[in-house]
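Enquirer: What follows is a single structure, and I will ask about it in a moment.
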């Protein structure tokens, strides 16, 4: 095996992706997409699965050495992927399955084989939660790894990346594929080593950030491989080495989360400026913002997360202003700063959107509930929040490079993915990423019981109902997983449970050190686990002995999320792989979802109805919840469209800007 | 998050670029409505770009020696209040880049350049296809020619030229006034097919002069004129010239002059042609001169000088008001008003910079739309009447271009435009409300609905008095205009032949009686035939006596004796049956209305309510109807020639009918007895209209029915 040539595979041609189609082209393309995801494609794959199973039957009994020989032969064949025939593919996949059974002790289900085939052919496989997506990705990753072209397996968080890489390592080793994983905490050398592997497990944020940093490094000679080589030859000591070796294949685990939910905001790499002189400006803005009255001095639009300054507020601000810097002479700019300060006051709350750790503001990821220590808000918002928390003001950030997820993932030559819920966004997957969706049938029917939501008028009554339910379920001995939306909410529930004298495990962004341990114990009899969204995606909670007989894990969602996918991910922790389980959501009309996406009068009316236990009120509230989620989805879609439009506009209008800045 | 104008998401892409305007781009200061603007001119493409002063403050600071960041900081330091924010800078640079006005440090992205060129070509094709009615084919660069020509004719634009022009034009007006009757007569034949070729020849010649007028003036003031060619104006080749460079003139007067140059030259030629026309006898030259004269005056007034069409007048108005891109901005203004006030989009940007400008823009937009609708409807009806297929084709094209496409666009805009993101609910509500309101107004609210029929006033008892015999009028026994009693003699006729005939008949009778008596005793066999003959002769005598008695014409009933022409007919021989006059009972009149069969359904379908009669000339006064009868049978002969086309009425009559009373289509008659009215003299033969109020009906269904009727009538659908 000659590795050196593989590393030089790095393709640094200027980033040019096929444009997203518009107008009539887009309509025709939509029809093509519908044809691509026609349901009877499944039959072709099922025939493939049958072939694989036949091969597997033969390999089951062959000796270890024979299997290794087979695998090596397959590896050689896959070096030229264009020449791989279907029969070769099936035989190779069967060998990998056998290897999986021998190394991991897991015999892939036909559905997992089907999923792996779909991935190999560039589909987005819809597989229900708990159907073993990790192994499916592993099987496909071996096939891609054999080509020696970079294969990135993209997951949603570091925990999953690390866990999956470690879990699949024996399989990769046996198949002759090197595997690495890139985590947020790694330094460039370690990253480079991980990316040099055939298969790299990482998160979307890391992989995009590394890509952007590489491009900034290579700024001078981008767009021309000859220049790269020339520079290396002429100035070997100044050689700037990228950490990635190019983009070829990406397998995206939880594709809806990575490609849809998180694609709302582009990834930005920033450097700090030396704008310390503006410190007083932010303090002044915060001081005025905190003295203004909502509805009198300014108007809040919760749905858009916007603040509109009214004349009295404007006057107060102009009176308070004392800075005489040229940059702030324009009144428009000044009032924008104040608006930003009001946004910081109205929409960004401690322990929900951020936490304060060691004198620094640390952001919390809304989707995963994890801390993002290297992330900062932009346009002065971070500084205003520092002013709000009374922390020293850090300098303003300066954007160095910006890349949307939509654009980044279109750069891959071969994109494929898996998710629990793909169909509702199938049009967008095709339109933006050219991913046709394939629905993989369930291996075992899901026997999770989904109880109808309980709706309460206000937060305290909701919390007491949650506590009651916990007490009741706990008394039966079943383990409980309670999902909360924010750190603050999880602490609130923890406080209430302490009052009741119940013992529990708390997993949130602030207390995540023993994550693996907590998750491992969460399925044991009598366990109570409170977790933020951290315990959503991919967390496999194994039931302890005897728990299945009691009814399995019970999941309680204490709030519904804007995206129903996130809710389903949480509920999906129960009833995995045919285990029993149940789930219920508790809502209050004071939840953020309702506050943001329902008109005020409807919310008050519903709250009144629920409080008086009017018949049908709870049903109406559930419908309202669906409506709010729909509105939220529309809003998010609008934002993604905005990002896409901005991309296209940039590409068309600012083509004189250097390509590394994207 | 708010769109932060201070910091831009894209700023990092430009911040350390070293950009500058292309060195060959020319910049001029101009004032528009008292505001300072900078006009950038790209000499290669002859395109213009207008920058507001604050934007230019920044652009002027860009050079290869500093980065965009530095230039922006410098601009902010210099003008902290007005300097553009980062977002604005990004947008500005993007626009400049798209207009190819920027000099960049980065080696140009050639793939992108090619892509852009391809897109531009594609767009050009699209516009060419869409604007096939106004396709332009550039042919020639007239600049060198103009430059050589100018020294020779520069004096034309000086005082001498002005005096000459004024003298010629006023002289021509005088000549035209002197020959006014001939002029009008010849104008009637101008659209005759045999004149088409000459008409076009004159038109092309004139337009050539017109375009040279623009070109020479533009060149005279220092602008470049690089393109001249043919424009296919509705498939008719017409010369055109590109004088965009006049845009960069600092003086508004000069711009106005260039705009008016075409008409100025054209009018001069028209004046010369007037002299030629007046001096020549009919012939080709005479006709050509007339055609050019006609075109120069009519097309100038109707098209070129009309600011509502996009010809010279538009540009003149645009320059005079100091509002460049008047049409586009007028529409933006309208859109802004709708968005801001109807849809409540608070962040809508007002395209007008002052209240006055806003008023001008709004006025122009409204006038323009109304004018377009009226003109096109007129053309459509005109063409459709003559050429069915062409009319239908044009109607389809207009329907698509003027109704369906804008509607589809409006729907798309309402449903998907990101501009309405925040107020889509209200926008949809308002749009639906307006639509529903319109529909209710037109389709649901019944409007009074009238049905009119033309008719004439007729005396109720009116007897035409015919001459009972052939004869000569010898005496008027009662002068016309008198009131007469029944049996009163009116006219006496004389027919000597008749008297002679009677005498001879009497003689014959005597002879027959004598022969009869003789036969009684000589030849009894002859008695029978002779008796028969006597009886025949007796019969004849009786008849003749009766005829003779009819020499005196008597009134059949009481009334007024009307015989307007009898005075002149004294002594004239008239054949039997000729109407001498009439005796009319003027106490009672009735109105006899004719209803063509298309509309006759109204008569029998529903209750006709409150009929009112208005007579011509006294339309303000209403005569009420006492009683009416509908005669339920078709007629073909009109009660009066005044109702037929020949008499100026609404009904088509057969052309070969000298009386003009035989209608082409059968009709029905309604007779209505009229009440008397103190201020209306009911005179026999006065024409007017009867109006019925029908059951109220929504306008939409009224219009639909009319359209159906029109189609049925015109095209037999």
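The values are calculated or read from the model by the stated rules, or taken from the named source; none is laboratory data. This is a predicted model, so every value here is computed, not measured. We place every Cβ from the backbone using ideal geometry, glycine too, and count neighbours over all the protein chains shown.
Enquirer: Working carefully through the options B:243, B:238, B:276, find the one that is crowded, with 21+ Cβ neighbours inside 10 Å and over 20 Å from residue B:368 (Cα atoms).
Expert: B:243
Enquirer: Moving on to the next point. Anything in region A:388-409 that is buried (at least 19 other Cβ atoms within 10 Å of the Cβ) and either assigned to a loop (DSSP other than H, G, I, E, B) or under 19 Å from the mean Cα position of the chain (by Cα) (or both)? List them, or say none.
Expert: Once the filter is applied, which keeps residues that are buried (at least 19 other Cβ atoms within 10 Å of the Cβ) and either assigned to a loop (DSSP other than H, G, I, E, B) or under 19 Å from the mean Cα position of the chain (by Cα) (or both), region A:388-409 yields A:393, A:396, A:402, A:403, A:404, A:405, A:406, A:407, A:408, A:409.
Enquirer: Before we move on, is residue B:453 out of contact with any helix residue (DSSP H, G or I) (no Cβ under 6 Å at 6 or more places or on another chain) and either modelled with pLDDT under 80 or surrounded by fewer than 15 Cβ atoms within 10 Å (Cβ to Cβ) (or both)?
Expert: Against the criterion (out of contact with any helix residue (DSSP H, G or I) (no Cβ under 6 Å at 6 or more places or on another chain) and either modelled with pLDDT under 80 or surrounded by fewer than 15 Cβ atoms within 10 Å (Cβ to Cβ) (or both)), residue B:453 does not qualify.
Enquirer: Report those helices (runs of 4 or more DSSP H) wholly inside region B:12-101 carrying at least 1 residues which are within 14 Å of chain A (Cβ to nearest Cβ), under 46 Å from the mean Cα position of the chain (by Cα) and at pLDDT 85 or above.
Expert: Output list reads B:86-98.
Enquirer: Got a number for residues in region A:48-64 being farther than 30 Å from residue A:428 by Cβ and either assigned to a helix (DSSP H, G or I) or under 28 Å from the mean Cα position of the chain (by Cα) (or both)?
Expert: The number of residues fulfilling the criteria is 11.
Enquirer: Does residue A:43 meet the test of being under 22 Å from residue A:126 (Cα atoms), under 32 Å from the mean Cα position of the chain (by Cα) and at pLDDT 85 or above?
Expert: It is true that residue A:43 is under 22 Å from residue A:126 (Cα atoms), under 32 Å from the mean Cα position of the chain (by Cα) and at pLDDT 85 or above.
Yes/no per residue for (1) assigned to a helix (DSSP H, G or I); (2) in contact with a strand residue (DSSP E or B) (Cβ under 7 Å, 6 or more places away or on another chain); (3) modelled with pLDDT of 85 or more; (4) within 14 Å of another protein chain (Cβ to nearest Cβ):
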{"site": "B:394", "(1), (2), (3), (4)": "yes, no, no, no"}
{"site": "B:398", "(1), (2), (3), (4)": "yes, no, no, no"}
{"site": "B:411", "(1), (2), (3), (4)": "yes, no, yes, no"}
{"site": "B:419", "(1), (2), (3), (4)": "yes, no, no, yes"}
{"site": "B:425", "(1), (2), (3), (4)": "yes, no, no, yes"}
{"site": "B:438", "(1), (2), (3), (4)": "yes, no, yes, no"}
{"site": "B:458", "(1), (2), (3), (4)": "no, yes, no, no"}
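Enquirer: I'd like the full set of residues that are under 18 Å from residue A:192 (Cα atoms), in a helix (DSSP H, G or I) and modelled with pLDDT of 70 or more, limited to region A:209-231.
Expert: Hits for region A:209-231 are A:209, A:210, A:211, A:212, A:213, A:214, A:215, A:216, A:217.
Every residue, every condition in (1) crowded, with 24+ Cβ neighbours inside 10 Å; (2) modelled with pLDDT under 85, yes or no:
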| position | (1), (2) |
| --- | --- |
| A:61 | no, yes |
| A:68 | no, no |
| A:82 | no, yes |
| A:89 | no, no |
| A:106 | no, yes |
| A:113 | yes, no |
| A:137 | yes, no |
| A:143 | yes, no |
| A:151 | yes, no |
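Enquirer: Just the residues that are touching a helix residue (DSSP H, G or I) at 6+ places or on another chain (Cβ under 9 Å) and within 14 Å of chain B (Cβ to nearest Cβ), please, taken from region A:357-381.
Expert: Of everything in region A:357-381, those that are touching a helix residue (DSSP H, G or I) at 6+ places or on another chain (Cβ under 9 Å) and within 14 Å of chain B (Cβ to nearest Cβ) turn out to be A:376, A:377, A:379, A:380, A:381.
Quick grid of which residues meet (1) under 22 Å from residue A:160 (Cα atoms); (2) in contact with a helix residue (DSSP H, G or I) (Cβ under 9 Å, 6 or more places away or on another chain); (3) modelled with pLDDT of 85 or more:
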{"position": "A:420", "(1), (2), (3)": "yes, yes, no"}
{"position": "A:447", "(1), (2), (3)": "no, yes, no"}
{"position": "A:461", "(1), (2), (3)": "no, yes, yes"}
{"position": "A:479", "(1), (2), (3)": "no, yes, yes"}
{"position": "A:482", "(1), (2), (3)": "yes, yes, yes"}
{"position": "A:507", "(1), (2), (3)": "yes, yes, no"}
{"position": "A:516", "(1), (2), (3)": "yes, yes, no"}
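Enquirer: On to the next question. From B:517, B:551, which residue is in the same structural domain as residue B:472 (by TED's automatic domain parsing) and out of contact with any strand residue (DSSP E or B) (no Cβ under 8 Å at 6 or more places or on another chain)?
Expert: Only one candidate passes the filter, namely B:517.
Enquirer: Regarding region A:8-26, can at least one residue be identified that is at pLDDT below 75, out of contact with any strand residue (DSSP E or B) (no Cβ under 6 Å at 6 or more places or on another chain) and over 30 Å from residue A:652 (Cβ atoms)?
Expert: yes
Enquirer: Additional query: Looking at (1) out of contact with any helix residue (DSSP H, G or I) (no Cβ under 8 Å at 6 or more places or on another chain); (2) within 14 Å of chain B (Cβ to nearest Cβ); (3) in a strand (DSSP E or B), which is the one condition that is false for residue A:346?
Expert: Looking at each condition in turn, residue A:346 falls short on (3).
Enquirer: Here is a further query. Looking at (1) within 14 Å of chain A (Cβ to nearest Cβ); (2) at pLDDT 80 or above; (3) touching a helix residue (DSSP H, G or I) at 6+ places or on another chain (Cβ under 9 Å), which is the only condition residue B:109 fails?
Expert: Tallying (1) within 14 Å of chain A (Cβ to nearest Cβ); (2) at pLDDT 80 or above; (3) touching a helix residue (DSSP H, G or I) at 6+ places or on another chain (Cβ under 9 Å), residue B:109 fails exactly one: (2).
Enquirer: Residues that are closer than 30 Å to residue A:444 by Cβ and away from every other protein chain (no Cβ under 14 Å), at least 3 per element: which helices (runs of 4 or more DSSP H) completely within region A:553-662 meet that?
Expert: In region A:553-662, the matching helices (runs of 4 or more DSSP H) lie at A:564-571, A:617-653.
Enquirer: Of the conditions (1) assigned to a helix (DSSP H, G or I); (2) touching a helix residue (DSSP H, G or I) at 6+ places or on another chain (Cβ under 9 Å); (3) surrounded by fewer than 18 Cβ atoms within 10 Å (Cβ to Cβ), residue B:222 satisfies every one except a single condition; which number is it?
Expert: Going through the list (1) assigned to a helix (DSSP H, G or I); (2) touching a helix residue (DSSP H, G or I) at 6+ places or on another chain (Cβ under 9 Å); (3) surrounded by fewer than 18 Cβ atoms within 10 Å (Cβ to Cβ), residue B:222 breaks only (1).
Enquirer: Wholly within region A:108-199, which strands (runs of 3 or more DSSP E) include no fewer than the required count, namely at least 3 residues that are within 27 Å of residue A:373 (Cα to Cα)?
Expert: Result: A:151-155, A:179-181.
Enquirer: Within region B:292-312, track down each residue that is crowded, with 16+ Cβ neighbours inside 10 Å and not in a helix (DSSP H, G or I).
Expert: B:305, B:306, B:307, B:308, B:309, B:311
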